[in-house]
Amino acid sequence: MFNTLRTLILGANARAEESLRDTYAIELIDQKIREADEGLRAAKGTLASLIQRQRAEERLLATLDQRIADMTRRAAEAIDAGREDLAMQAAEALAQMENERVLRSETVLRLDSKIVRLRQSVEAGHRRIIDLKQGATTARAIRREQSLIKKLPNGEASAIEEAEALIARVTNADDPFERSDILRGINRELSHDGLADRMADAGFGPATRVTAADVMARLKTKAT
């Protein structure tokens, strides 16, 4: 039983969430677009930092190449002059600078690879956000259209349908005058007030009311 109740509660929560998402779909779309924009701005900031760091490493690498070239020239001149001691010191310095150059070159390559991947992600994210914004514009137009359709004659619970129902209710109502006439007839039958008239019409006893035929006969008698 507990599992059944749990399933029912989960189902009710899911339906309520779906209904809420449908009701506030446009607001949710706008919020998700804002979140995507914030993520894209953060990615752009990271990309800018990587590019800045890469450029700094490239400048240091270029400076290091100049120092290596200069020290190589000086070492050669020291060897030519027979100064092995200075040439050895230059060689040690060159070894350190070349090792540093290897590390910096690898750093530049790693940064370049990261920049390429992140730039592709930023470009793809930018295109997707543009598509999302266009989709949001379409969704808002559809939602406005749906709202207007509900107010048209063919729309759900339209004003015209309500007016037609009210008119039909009024026009189909019972005629109070006809109802009163019927009630009077029923009352006469119950009180036997009309029985003498019906019997006189059938030839039993004198007439209890003047008819058009009586008036015509009287007029003809006066005329003669």
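The values are calculated or read from the model by the stated rules, or taken from the named source; none is laboratory data. Model, not experiment: these values are computed from the prediction. We place every Cβ from the backbone using ideal geometry, glycine too, and count neighbours over all the protein chains shown. Accessible surface areas use protein heavy atoms only, side chains included; no ligands, DNA or RNA. Shrake-Rupley method; radii C 1.70, N 1.55, O 1.52, S 1.80 Å.
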Q) Out of curiosity, is L47 part of a helix (DSSP H, G or I), buried (at least 16 other Cβ atoms within 10 Å of the Cβ) and in contact with a helix residue (DSSP H, G or I) (Cβ under 7 Å, 6 or more places away or on another chain)? A) yes
Q: May I ask you to list the residues in segment 105-141 that are over 30 Å from L61 (Cβ atoms) and free of Cβ contacts under 8 Å to residues at least 24 places away in the same chain?
A: A124, R127, I130, D131, Q134, T137, T138, A141
**Q.** Hey, E123 assigned to a helix (DSSP H, G or I), open to solvent by 70 Å² or more (accessible area, probe 1.4 Å) and under 25 Å from A36 (Cβ atoms) or not
**A.** yes
Q.
Residues that are at pLDDT below 90, farther than 30 Å from R34 by Cβ, open to solvent by 90 Å² or more (accessible area, probe 1.4 Å) and more than 35 Å from the chain's Cα centre (by Cα): does segment 85-108 have at least one?
A. no
Q | Number of the exception - A81 against (1) among the hydrophobic types (A, V, I, L, M, F, W, C); (2) more than 59 Å from the chain's Cα centre (by Cα); (3) open to solvent by less than 50 Å² (accessible area, probe 1.4 Å) | A | (3)
Q: Only residues that are aliphatic (A, V, I, L, M) and under 19 Å from M97 (Cα atoms): list them for segment 42-70, please.
A: A56, L60, L61, A62, L64, I68, A69
